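A short worksheet on the structure shown next.
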Amino acid sequence: VEGSESAPPIRGLTLPAKPASPQTSSPEETPEKEPAGKNSQEKGEQTENIPVTREKIEDWLTKLRESPPVEDESVAPPLEPAPPTVPKQDLPNWVQSIEPQDSEFTSPGADEESVSDANDRAPGASSQDKPDWLKELTGEADLDRSVSSTDQHPTSDRFQMRQEELPGWLRVTPEETDVSTKPSLEGNKQELASTSPVITSPETETGDTVHIEETRQLEPEAKPTEEPPLAEQDMGRSEAESEPPSLEPARAEEIPPWIAQLKPTQDLLSAPLLPPQATEQPQVPLEPANVDEIPPWIAQLEPTEDQTSALPLLPQAIEPPQVPLEPARADEIPPWIAQLKPTQDRPSVPPQITQRQQPIEPTRAEEIPSWIAELKPADGQPVEQAPEIEGEVQIDELADWLRSPQLGTIIPTMPFDPNVEAAERSGPLANLRGVLPLATGIAEPHPALQFPPIEKKDGAHIFEDILAETQTPIQRSSRQRVRQGLLPTRLMIHAVLGLAIILALFIPPGFSGILLPISGTPAAEFYDTIESLPGNSTVLVSFDYDPSLSGEMDLVSFAILRHLVQRRINVVALSTFETGPMIARRVLAQVTNGANNYRYGTNFLNAGFVPGHESGLAQLATVGFSPTSLDFDQNQLISRYPIGANLKNIKNVPLVIELAGAEEPLRSWIEQFETRVNIRMAVASSAAVEPKARTYRDANQLTALVSGPTGAAQYEILTKQPGEAVRRSLAQSAGQIVLMMVVIAGNLAFWISRSMEKPNRSSAT
Amino acid sequence: MDVLGIWVGAILTLLVFSYLLGDNPLFRLAQAIFVGVAIGYGLNVAVFLVLLRRLFVPLAEQSQYWLVYFIPLILGLLLLLKSHKAWAPLGNVSIAFLFGVGAALAIGGASSGLLVQQVSATAVSLSPFQDFGTFVGNCLLVLGTIGSLLSFRFVTVQNRSVGQTFDRVVRAWSRLGRGFILVAFGAIFADTAVSRVSILISRFYFLLHDWLAIVR
């Protein structure tokens with residue numbers, strides 16, 4: 001409880017959501033159309049130095065004790081006769097000063113009844129019947145404070161604090177208060193009319209309206225000070241029915257937390273009475289409430305004549321029924337009110353009085369909310385002092401957490417509804433909403449802070465958000481610069497390579513192939529393999545390359561097939577590539593063109609495509625051509641051709657020539673065919689496949705190997721049929737020389753540039 | 001017809017050569033034409049040379065072997081069900097058949113046709129009493145093969161003098177094997193360059209000989 005008292009009264013953070021008090025709109029606290037702040041201030045100033053005699057309080061309490069309880073609440077009790085008017089000169093000075101000095105503040109009851117009547121209306125109350133807390137109030141204790149605590153008006157107790165107990169910034173003179181409040185009332189009327197919600201209250205007889213905003217502005221002061229009188233009133237009622245000791249003030253631990261939090265804090269109590277802008281309200285007419293429509297619980301709250309006489313600010317239109325103040329039954333008292341009753345062992349001093357006596361302690365670190373603690377400057381970080389304003393609150397008098405200049409700049413960003421409360425305009429709490437007054441936070445349910453909803457996202461949504469983000473293009477200036485720098489170099493290399501090849505192609509064929517070695521080459525080995533074949537034998541030639549490699553592979557294919565046709569060896573072409581049969585058709589057509597007695601189906605055959613890759617080759621090795629296999633060119637059964645008779649047993653084939661443009665078909669032939677049947681196998685591959693095919697040749701898995709354009713040229717020379725391969729050999733050599741020069745020049749440039757960068761790096765470091 | 005084919009080939013060749021100046025729509029046009037022709041031709045081969053010739057025609061004409069062709073037909077149809085999510089499990093039978101046959105062929109062919117043959121090929125004689133060239137070649141073959149295998153060794157021997165000595169020898173040998181590997185990579189790169197230069201020459205020769213006929 002103590003901790004909550006010192007906590008900052010920020011709305012929505014420290015105050016619980018308490019239902020609106022019915023006293024907010026009750027006619028008891030509904031002031032007149034005049035600004036409540038002014039009234040309360042004036043009253044507070046008037047009651048500030050008024051001595052209250054002990055006899056006056058005793059009489060008032062005695063009268064309260066003698067009032068009989070109401071037996072039936074539904075039946076309106078008879079009105080008590082008005083007490084005799086006490087001569088004014090008999091009244092104490094502070095009561096005389098309460099009387100309205102201006103016609104605007106006079107209420108109907110105020111003219112006829114005085115405050116002294118309220119005190120005198122408690123006849124018979126002796127000092128021994130009073131509870132301890134009242135005795136202490138009427139004793140040597142601070143009478144000013146006791147009067148203010150028992151005052152029905154909620155705002156009067158604020159100004160009953162001794163001037164010496166108040167901090168310097170609260171010691172305002174009445175003149176300063178008038179100056180500070182009146183202009184603001186007139187100046188901010190429109191602003192509050194648009195921002196303050198209005199609750200209608202009974203209209204006064206004069207047609208003036210009373211707005212709930214006034215009561216709201218009074219509530220910060222009224223709420224803490226109302227509860228003790230209410231408890232006191234209940235206690236007075238219960239005294240008629242039960243023993244006074246049973247009505248004990250609630251202990252601190254017995255008070256519910258939400259009520260304990262309603263206690264005014266030191267800052268609140270020491271704050272100015274009303275914010276200037278909060279004293280204006282829109283002029284909304286109020287309709288008088290019908291007495292019959294008033295619920296019983298409100299009727300019980302209506303003051304008696306004694307009480308109304310003690311309220312000089314009671315509006316004229318509100319004429320409470322003359323029902324004697326009846327003490328409430330013990331069972332009718334809500335438990336939370338019963339807990340507020342003073343106890344014997346504890347002084348029945350209202351809590352707000354004790355709070356005022358307590359020195360203002362700096363807020364402890366654990367009491368500060370985390371979001372405020374984060375605003376505190378770090379240790380060692382210089383705190384920027386806010387400029388002092390003359391006549392305003394001194395910064396040194398504030399708590400540490402309020403001294404942070406960041407508080408006033410950060411908190412306004414919170415999404416408070418501006419229509420609910422106005423913001424502070426000056427002081428260290430400038431631009432803060434909901435700090436003062438406290439009444440709004442107590443009387444109304446606190447609107448929840450409108451924070452944007454935090455959407456839970458899983459990994460997929462986060463990834464979608466990342467993808468949805470606008471992607472800033474990466475600056476590729478350096479890469480473009482490099483590319484632009486390399487473009488002339490590339491074009492130069494391409495141009496040199498192209499010129500070298502084109503010029504070599506113009507050299508007469510007689511000069512080509514002169515320098516090519518023939519003897520002991522793989523081509524010669526391959527040539528010898530073909531030469532070793534018996535005449536009229538049948539060989540399988542697999543065209544396993546696609547058109548993209550035909551520019552290279554056609555050279556060796558033409559050379560080998562010419563040799564085979566020259567030797568009158570039967571050729572059965574097939575392919576594991578889809579495009580192979582078409583290449584085979586073209587090559588065979590050119591090779592057999594002009595060959596005498598070398599016919600299709602008899603001397604050569606295009607068996608077509610062998611699907612399945614490895615499985616197809618495995619089937620070919622084990623089964624051979626199926627009886628249903630059709631040739632590619634004429635779509636006839638292979639078995640019907642004369643050459644097909646030689647293929648009934650695949651093992652009768654003396655040689656398989658693989659024209660491999662890639663490694664995969666070569667490996668398939670080696671693994672699936674060559675290992676299954678003991679058939680010699682020769683490979684004519686492209687230059688790129690040669691290093692891998694060489695391993696098979698070195699392992700004696702291949703009988704012969706010829707590769708590349710050089711091997712094709714050698715083979716043409718060996719067959720004494722120089723063709724395109726020989727004519728292109730010079731161009732091939734020229735192209736390779738250019739590539740070698742480019743590679744060497746590139747490496748030299750790299751080494752030179754790196755050697756030049758090293759001294760630069762060493763000098764830079 | 002041959003002249004038209006030569007002109008089409010020449011124009012497409014020039015479109016491909018335009019890539020030397022950078023990526024451009026002409027190159028992309030030629031690329032799209034080649035891809036489209038290849039896919040069309042492959043589909044034609046699959047339909048006419050495989051499905052019709054090897055499945056449906058024999059199934060219709062050779063009724064006595066209908067079961068031999070019916071089973072592949074069912075497996076092929078089940079494989080088509082893989083495109084539908086609900087019926088995809090039915091296609092697992094075909095997939096299992098393909099994977100099983102493919103794995104068996106690959107493992108058997110690699111072990112018997114490649115691994116055993118290649119290992120046995122390295123078992124050469126290192127006797128000096130033979131041809132000097134053969135002797136040197138065999139020595140290089142053994143050193144290179146073992147060094148290449150040692151270059152993929154990632155363990156060391158510690159705290160033993162003999163072990164450290166062995167480790168130094170093995171480390172030096174692995175460096176030698178790494179050198180052999182680099183030489184093999186260089187040879188592959190050089191042969192690839194030779195192959196691509198040969199293809200380039202064929203295109204120049206086509207343009208100068210077949211299209212322009214300025215080179216004989």
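The values are calculated or read from the model by the stated rules, or taken from the named source; none is laboratory data. Note that the structure is a prediction, hence the values are computed from the model and not measured. Please note: Cβ atoms are built from the backbone with ideal geometry, for glycine as well, and neighbour counts cover all protein chains shown.
Please determine whether any residue of the range B:196-214 is more than 34 Å from the chain's Cα centre (by Cα), within 12 Å of chain A (Cβ to nearest Cβ), under 30 Å from residue A:504 (Cα atoms) and at pLDDT below 90.
To start, the set of residues in the range B:196-214 that are more than 34 Å from the chain's Cα centre (by Cα) comprises B:212-214.
Next, from what is left, pick out any that are within 12 Å of chain A (Cβ to nearest Cβ): B:212, B:214.
Filter once more, keeping what is under 30 Å from residue A:504 (Cα atoms): B:212, B:214.
Restricting the remaining residues to those that are at pLDDT below 90 gives none.
No - not one qualifying residue is present in the range B:196-214.
Could you say which residue among B:78, B:105 is of a type outside the set (Val, Ile, Thr), surrounded by 14 or more Cβ atoms within 10 Å (Cβ to Cβ) and away from chain A (no Cβ under 11 Å)? Walk me through it before giving the result.
Working: B:105 fails: away from chain A (no Cβ under 11 Å).
Criteria check complete, one pass: B:78.
The set of residues in the range B:66-106 being among the aromatic types (Phe, Trp, Tyr), part of a helix (DSSP H, G or I) and either touching a Pro at 6+ places or on another chain (Cβ under 6 Å) or more than 26 Å from residue A:631 (Cα to Cα) (or both) consists of B:69, B:97, B:99.
Search the range A:524-539 for residues being hydrophobic (A, V, I, L, M, F, W, C) and closer than 12 Å to residue A:657 by Cβ, and hand back the single one that is farthest from the chain's Cα centre (by Cα). Reasoning before the result, please.
So in the range A:524-539, the residues hydrophobic (A, V, I, L, M, F, W, C) come out as A:524, A:526, A:530, A:533, A:539.
When the remaining residues are screened for being closer than 12 Å to residue A:657 by Cβ, the result is A:526, A:530, A:533, A:539.
Details: A:526: 75, A:530: 79, A:533: 83, A:539: 76 Å.
The residue in question is A:533.
In the range B:110-216, counting only helices (runs of 4 or more DSSP H) that sit wholly within it, the ones holding 3 or more residues that are surrounded by 17 or more Cβ atoms within 10 Å (Cβ to Cβ) and among the charged types (D, E, K, R) span B:161-205.
Looking only at the range B:18-65, how many residues end up being closer than 30 Å to residue A:495 by Cβ and not in a helix (DSSP H, G or I)? Give the steps one after another, and end with the answer.
Taking the range B:18-65 first, the residues closer than 30 Å to residue A:495 by Cβ are B:18-35.
Imposing the further condition that a residue be not in a helix (DSSP H, G or I) reduces the set to B:22-24.
Residues flagged as closer than 30 Å to residue A:495 by Cβ and not in a helix (DSSP H, G or I) within the range B:18-65 amount to 3.
Where residues in the range A:487-501 are in contact (Cβ under 8 Å) with a residue 24 or more places away in the chain and more than 60 Å from the chain's Cα centre (by Cα), which of them is farthest from the other protein chains (Cβ to nearest Cβ)?
Per the stated criteria, the residue is A:496.
Per-residue answers, yes or no, for (1) touching a residue at least 40 places away in the same chain (Cβ under 8 Å); (2) in contact with a Ser or Thr (Cβ under 7 Å, 6 or more places away or on another chain):
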position	(1), (2)
A:559	yes, yes
A:571	no, no
A:599	no, no
A:617	yes, yes
A:641	yes, no
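Scan the range B:178-186 and give yes if some residue there is under 30 Å from residue A:507 (Cβ atoms) and without any contact (Cβ under 8 Å) to a residue 60 or more places away in the chain, otherwise no. Scanning the range B:178-186 turns up at least one residue that is under 30 Å from residue A:507 (Cβ atoms) and without any contact (Cβ under 8 Å) to a residue 60 or more places away in the chain.
Taking the criterion of being within 13 Å of chain B (Cβ to nearest Cβ) and either acidic (Asp, Glu) or in a helix (DSSP H, G or I) (or both), the residues of the range A:640-664 that qualify are A:663, A:664.
Are any residues in the range B:21-47 surrounded by 13 or more Cβ atoms within 10 Å (Cβ to Cβ) and within 9 Å of chain A (Cβ to nearest Cβ), and if so, which ones? Result: B:21, B:34, B:38, B:41, B:42, B:45, B:46. Annotation: of all residues in the range B:169-195 being over 29 Å from residue A:548 (Cβ atoms) and not small (Gly, Ala, Ser), the one that is nearest to the other protein chains (Cβ to nearest Cβ) is B:180. Selection of the range A:665-682 for residues being under 60 Å from the mean Cα position of the chain (by Cα) and either of a type outside the set (Lys, Arg) or away from chain B (no Cβ under 11 Å) (or both) yields A:665, A:668.
Taking the condition of being in a loop (DSSP other than H, G, I, E, B), of a type in the set (S, T, N, Q) and more than 10 Å from chain B (Cβ to nearest Cβ), how many residues in the range A:683-740 meet it?
First, pick out the residues of the range A:683-740 that are in a loop (DSSP other than H, G, I, E, B): A:686-689, A:699-703, A:719-723.
If we keep only those that are of a type in the set (S, T, N, Q) too, we end up with A:686, A:700-701, A:703, A:719, A:721.
Those left that are additionally more than 10 Å from chain B (Cβ to nearest Cβ): A:703, A:719, A:721.
Number satisfying all stated conditions: 3.
Does residue B:59 satisfy being within 12 Å of chain A (Cβ to nearest Cβ), touching an Asp or Glu at 6+ places or on another chain (Cβ under 6 Å), aliphatic (A, V, I, L, M) and surrounded by 13 or more Cβ atoms within 10 Å (Cβ to Cβ)? No.
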